[in-house]
Amino acid sequence: MDLTVLLGAPGAGKGTVAARIAAPLNAKHVSTGAMLRDAVKAGTPAGLCAKAYMERGELVPDAVLADMVGDLLAAAPRDARFVLDGFPRNTNQAAMLDTLAARHNARVDLAVCIDVPLDVVLDRLGGRRVCPACGANFHVRTLAPRQAGVCDSCGASLVTRADDQPDTIRNRLAVYEEQTAPLVAWYDRVGKLRRVDGSGDADSVAAAVRRVVEGG
Ligand code: AMP
């Protein structure tokens, strides 16, 4: 089982890239943020625990993620491939992922960091609209749906994510710098880090990430 990790600040485009490269790589896109939002919606014990952290833009406790990702790997076929979007998010989770991977005969092949300047990140998060029904992502200007406010894929009304409000965005970026950015050095040390310029449009960034993953 091969696991490709996408790194990058909130708004760097991890979800957009993962959604575009998963099918051509014959992989499954795993967004821990989406899994947690589903758990919150469904009112599961994990969701009840996660809700307040997510609303503040903080990381959900590692134990919740360990259970979620552990269950995912345990249920996966041996030849599965995953593109991990939003996990790991700190060095403890990266160590956890190595332990879980070893247990399930899996390995992290690469960590691809999508580099985007801060002003682009702020614009992307501020203009992001999401589909609450199918999870598709849009941007009011750069990735606009065909009809304003309506999901291209399923026709539901688009919304602004609760954690894309300005105060929460600031907090998420601070959490990223403090807890997630050190993962870039973590994966560099073990020779698995690749970097991609993420400031272009969604298709070209996704194509660049795909080339890097296919190149190994
Ligand atoms: P995302 O959709 O990846 O931006 O994640 C949205 C929110 O879900 C984050 O701000 C965190 O509160 C939570 N979250 C997602 N992935 C993780 C993770 N690996 N560890 C802790 N919290 C997470």
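No lab work stands behind these numbers, since they all come straight from the coordinates. Predicted model, so just to flag it, every value in this text is computed and none were measured. All Cβ positions, even for glycine, are placed from backbone atoms using ideal geometry, and neighbour counts span all protein chains on display.
Add -39500 (n - 2.57) for each DSSP H run of 4 or more in the chain, then divide by its residues: what number comes out at 222 nm, to the nearest 500 deg cm²/dmol?
So the helix-based figure for the chain works out to -14000 deg cm²/dmol.
Neighbour counts of other C-beta atoms within 10 Å: give me LYS28, LYS51 arranged from fewest to most.
LYS28, LYS51
Please work out the Cα center distance from segment 109-130 to segment 143-178, rounded to the nearest Å.
Computed from Cα coordinates, the inter-centre distance equals 12 Å.
Please enumerate, by chain and number, the aspartates and glutamates with C-alpha under 12 Å from the C-alpha of LYS28, excluding those fewer than 8 residues away in the same chain.
Output for LYS28: ASP2, ASP79, ASP85.
Roughly how far apart, in whole Å, are the Cα centres of segment 1-47 and segment 67-97?
Their Cα centres are 10 Å away from one another.
Taking the simple approach of a point 7 Å from Cα along Cα-to-Cβ for both ALA185 and ALA95, what is their distance in nm?
1.6
Could you check the spin-label model distance between ALA63 and LEU122? Points 7 Å from the Cα along Cα→Cβ, value in nm.
3.8
Among VAL69, VAL116, VAL150, which one moves the most in a GNM of the chain with springs linking Cα atoms closer than 10 Å?
VAL150
Which Cα, out of GLN147, VAL120, THR99, lies furthest along the positive dipole direction of the chain (beta carbon charges, K/R +1, D/E -1)?
GLN147
Loop-only trypsin sites (Lys or Arg not before Pro) in segment 129-216, please: DSSP not H, G, I, E or B, and at most 11 other Cβ atoms within 10 Å.
Working: sites: ARG129, ARG141, ARG146, ARG161, ARG170, ARG172, ARG189, LYS192, ARG194, ARG195, ARG210, ARG211; in loops: ARG141, ARG146, ARG161, LYS192.
Sites meeting the loop and neighbour criteria: ARG141, ARG146.
Hey, rough spin-label estimate for GLU55 and ARG170, points 7 angstrom out along Cα→Cβ, what's it come to in nanometres?
Rounded to a tenth, the inter-label distance reads 2.0 nm.
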